[in-house]
Amino acid sequence: MKNIEAFTLAVDKGSFSQAADVLGVTPTMFSRYIRELEYSLGYKLINRTTRKQGLTRAGECYYAYCLKLIATAKEAKEALHHLDDEITGSIRISAPVVFGNRILAPLVAQFLLQYPGVYIDMDLSDRRVDLIEENYQIAIRIGNVLDDGVVAIALPSYQMVLAASPSYLNQHGIPTHPDDLTAHNCICFSQWHASRFWKMSNNSKEYSVDIRPRLVSNSGETIRQAALNGLGIALNSTLTLKDDIKAGRLIRVLADFKVASRPMHLLRLPGSHVSPAIDLFIQMLKTSLAPKVAV
């Protein structure tokens, strides 16, 4: 293609030296392009002297076809660029249940309306999935990232809260200091209880309380139901419990203390090439989550 481009430039400019400048090569290299093209075709295309140049009959015929070829190549390149405007493909996503239902589902619906050629399979589960073994392209992970061989993209932290039912607090009393939690029934998420310590802060002072929970579960909804039924004080996401707190079904505990938030990441499969659909979905999540997660 470079030889054809050189030939058409030579005709258009009427000079090898001017055409060579356009291509950014030396006149000697430019002359080589023309010789190689003529040799491959078996025809002389340009008659050239030290003062002027002109097309041979074969050159006139070939030039007309070269213009069509270059125009077609340009159209083909533009068509490839338009593929970015027609985003297509399938995305398999894993996300925690509450987060998926309340935050991710509306965003997925908006994304699919914007890109009709994209299909999404969204699996909601509070367990840790293996992206590679289970063929997920994206997973939302709350808590520390322990996965090997994946790309982790930081998202806004997942806010946490302590809450209990009015009946439990009436019977067992309301804790006023983090250390009081050791005398209470506590409920927490299994993946977040690996260190056994509940961390919180107040006026820049950090507290770490060693908790022996009465109930540990891998389901945020199980923790919520246990708290609603008066079992004890639950450590759960603000997103899960905020409606119950607002309605008075649960009461926030140790409200003057900030419970340590959980890191949240978007995990994707490794590799430098990411499909346009997945890349756009990731960018959408990064820009949309900040005002929605910090409840």
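Just so you know, all these numbers are worked out from the coordinates, no wet-lab data involved. Note that the coordinates shown come from a computational prediction; the quantities given were computed from them, not determined experimentally. Heads up, the Cβs are rebuilt from the backbone with ideal geometry, glycines too, and the neighbour counts pull from every protein chain shown.
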Margin query: What does the extension gain come out to for Arg128 and Lys74, with contour length at 0.36 nm per residue minus their alpha carbon separation?
Written below: 14.7 nm
Notebook entry, point to check: Say we join alpha carbon atoms closer than 10 Å with springs in a Gaussian network model of the chain; which of Ile211, Ile91, Ile34 then has the biggest fluctuation?
Noted result: Ile34
Notebook entry, point to check: Too long at a 23 Å Cα-Cα cut-off: which of Lys246/Lys286; Lys205/Lys242; Lys2/Lys44; Lys205/Lys286; Lys44/Lys74?
Noted result: Lys246/Lys286; Lys205/Lys242; Lys205/Lys286; Lys44/Lys74
Check: Modelled label-to-label distance, Val209 and Met29, 7 Å Cα→beta-carbon offset: nm?
Finding: 7.3 nm
Checklist line | Under 14 Å from the Asp121 label point (7 Å along Cα→beta-carbon), backbone N, segment 246-286 | finding: none
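Suppose the chain between Lys2 and Val97 were pulled fully straight at 0.36 nm per residue; how much longer would it get relative to their current alpha carbon spacing?
Length gained, Lys2 through Val97: 28.6 nm.
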Next item on the list: Compute the acute angle (0 to 90°) between the alpha-carbon long axis of helix 27-41 and the principal axis of greatest extent of the alpha-carbon atoms of the chain; round to the nearest 10°.
Entry: 80 degrees
Next item on the list: Could you tell me which trypsin sites (Lys or Arg not before Pro) in segment 136-205 are loop residues by DSSP with no more than 16 other beta carbons within 10 angstrom of their beta carbon?
Entry: Arg196
Note to self: Using Cα springs under 10 Å in a Gaussian network model of the chain, which residue among Gly89, Gly173, Gly232 shows the largest mean-square fluctuation?
What the structure shows: Gly173
Checklist line | Cα gyration tensor shape for segment 153-239, rounded if a/c is under 1.5, else prolate or oblate | finding: oblate
Check: Hey, got the dipole for the chain? About the Cα centre, +1 on K and R Cβ, -1 on D and E Cβ, debye to the nearest 20?
Finding: 600 debye
Check: All other residues with a Cβ under 14 Å from the Cβ of Asn3 taken together, and with Lys, Arg as +1 and Asp, Glu as -1, what is their net charge?
Finding: 0
Note to self: Could you tell me the relative contact order of segment 1-140? Use alpha-carbon pairs under 8 Å, at least six residues apart, and round to a whole percent.
What the structure shows: 19 percent
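Taking every DSSP beta bridge with both residues inside the chain, roughly what % is antiparallel (nearest 5)? Don't skip to the answer; put the middle values down first.
Working: 28 of 43 bridges.
Approximately 65 percent, going by the DSSP bridge assignments.
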Notebook entry, point to check: Which angle from 0 to 90°, rounded to the nearest 10, does the C-alpha axis of helix 2-13 make with the longest principal axis of the chain?
Noted result: 60 degrees
Checklist line | In segment 2-67, trypsin sites (Lys or Arg not before Pro) in a DSSP loop with at most 14 other beta-carbon atoms within 10 Å | finding: Lys44, Arg51, Lys52
Notebook entry, point to check: In degrees between 0 and 90, to the nearest 10, how far off the longest principal axis of the chain does helix 276-293 point, with axes built from Cα atoms?
Noted result: 30 degrees
Checklist line | Convex hull volume per residue in cubic angstrom - Cα atoms of the chain | finding: 194 Å³
Next item on the list: Taking the dipole about the Cα centre of the chain, with the C-beta of Lys and Arg at +1 and of Asp and Glu at -1, give me whichever of Ala95, Ile46, Ala234 is farthest to the positive side.
Entry: Ile46
Next item on the list: Output the relative contact order of segment 82-176, whole-number percent, from Cα pairs under 8 angstrom with separation of 6+ residues.
Entry: 32 percent
Next item on the list: Considering the options Ala247, Leu107, His172, tell which one lies farthest towards the positive end of the dipole of the chain, charges being +1 on Lys and Arg and -1 on Asp and Glu at the Cβ, about the Cα centre.
Entry: Leu107
Next item on the list: Kindly state, as a whole number, the per residue volume in cubic angstrom of the convex hull around the alpha carbon atoms of segment 2-76.
Entry: 85 Å³
Notebook entry, point to check: So what is the relative contact order for the chain, in percent, with contacts set as C-alpha pairs under 8 Å and at least six apart?
Noted result: 21 percent
Margin query: Over the Cα atoms of segment 175-295, each weighted equally, I'd like the Debye log10 I(q)/I(0) at q = 0.15 Å⁻¹, rounded to two decimals.
Written below: -0.79
Check: Nearest 0.05, what FRET efficiency do Asp256 and Thr88 give at R0 = 51 Å with Cβ-Cβ as r?
Finding: 0.50
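Please give the length that would be gained between His273 and Asp21 if that part of the chain were fully extended, namely 0.36 nm times their separation in residues minus their C-alpha to C-alpha distance (nm, one decimal).
87.2 nm
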Checklist line | Cut-off 10 Å between beta-carbons: net charge of the residues surrounding Ala139, Lys and Arg +1, Asp and Glu -1 | finding: 0
Checklist line | Candidates Lys68, Lys242, Lys258, ranked by Gaussian network fluctuation over the chain, Cα under 10 Å, top entry | finding: Lys68
